[in-house]
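Shown next, in structure tokens, is the structure this report addresses.
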Amino acid sequence: MRRSAVLAAVAGLVVARSAFGQTGTGFTIFDGDAWFGITDSPSSGTATAPPTAIFRVSGPTGTNHLHGTWWWFRVQGDTREYAFHNASGTTGGGNTATTTWAMAGTAGGNPYAFSAALTYTVTDTGEHQGQLVQSLSITNTADQPMTLHLFNYADFDVNNSSGNDSAVGGLGGITITDGPWTILYQGVGASGYRVTPYAGLLGELTDNFATTFSNTGLPFGPGDITAGFQWTLNLDAGQSATVVMSFAVVPTPASLALLGLGVLTAARRRR
């Protein structure tokens, strides 16, 4: 049994600290009874664990459905993935917050550089319902084209339980259930997904080998689930692109199609 995700929720934007995290980049945001919080972002690209996180839709002390979540990347030529790390900072308050980065390095001997802005928005969508949208915008700041692989990782503890989650679905969305709770996890426009028991997927993202999500692991459970989506961006010098991920707590499976349609529509409007 893993430790429970614990993060004190307080009104507005707050600072949270985590081991090996970058002080001042953690926060809590809320809208009505929907709350999301995350501890400080990693200070190293080779971090072996994501920041701890909460996602509650029944107020600041309601049932938590999330243990941790984060983003990894791999530039073409790299032999492994790296966590987004050494953020420039986090700004925001209320129901939204944005963390920014200026990344630079080498991939297979080739230099690369890009900026990133990760915006989190939490929304109360009804009684005991809520949605978190993460919008990650990337700009190639180098003077040459770049192929960038992005990975979102989520360690769910639906119903505040780490061992009883079941999941079905596919590339269009992963439905995770435990008791009376259902979460829809979506990676809009993703090229692949991967589902494993904890901590298989985390190991794949933090080892010394390149990973490709090849739409495996479903159906799942019951068990301790981790899941992720992958995107591949081909960016010319100076070009930007945005990928969108969402978690949504919904009361019944019948509501999933409508909520998923709303997420996809919103994503298309951003393009």
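The values are calculated or read from the model by the stated rules, or taken from the named source; none is laboratory data. Quick caveat, the model's predicted, so the values are computed rather than measured. Virtual Cβ from ideal backbone geometry, glycine too; neighbours counted across all protein chains shown. Side chains are part of the model used for accessible areas, which takes the heavy atoms of the whole protein and leaves out ligands, DNA and RNA. Shrake-Rupley method; radii C 1.70, N 1.55, O 1.52, S 1.80 Å.
Applying 1/(1 + (r/R0)^6) with R0 = 22 Å to the Cβ-Cβ distance of Asn234 and Thr106 gives a FRET efficiency near 0.70. Among the chymotrypsin sites (Phe, Trp or Tyr not before Pro) found in region 169-241, those both in a DSSP coil and sparsely packed, with 11 or fewer other Cβ atoms within 10 Å of their Cβ, are Phe209. The heavy atoms of His65 offer some 0 square angstrom of accessible surface to a 1.4 angstrom probe. Taking a point 7 angstrom from the Cα of Gln144 along the C-beta vector, which residues in region 89-119 have backbone N less than 20 Å away? Answer for region 89-119: 103-115. Full extension of the chain between Thr46 and Leu171 gives 42.3 nm of extra length, using 0.36 nm per residue less the Cα-Cα distance.
Quantify, in whole percent, the carbon and sulfur part of the accessible surface of region 184-244 (1.4 Å probe; protein heavy atoms only). With neighbouring chains kept in place, the figure for region 184-244 is 50 percent. Spacing of the modelled spin labels on Gln76 and Ala199, each 7 Å from Cα toward Cβ, amounts to 3.3 nm. Placing dummy labels 7 Å off each Cα toward the beta-carbon, the span from Ala210 to Ser88 is 2.9 nm. Each peptide among 93-100, 135-142 gets the average number of other Cβ atoms lying within 10 Å of its residues, and from highest to lowest they stand as 135-142, 93-100.
The residues of region 18-124 have, on average, 33 Å² of accessible surface per residue, using a 1.4 Å probe with all protein chains present.
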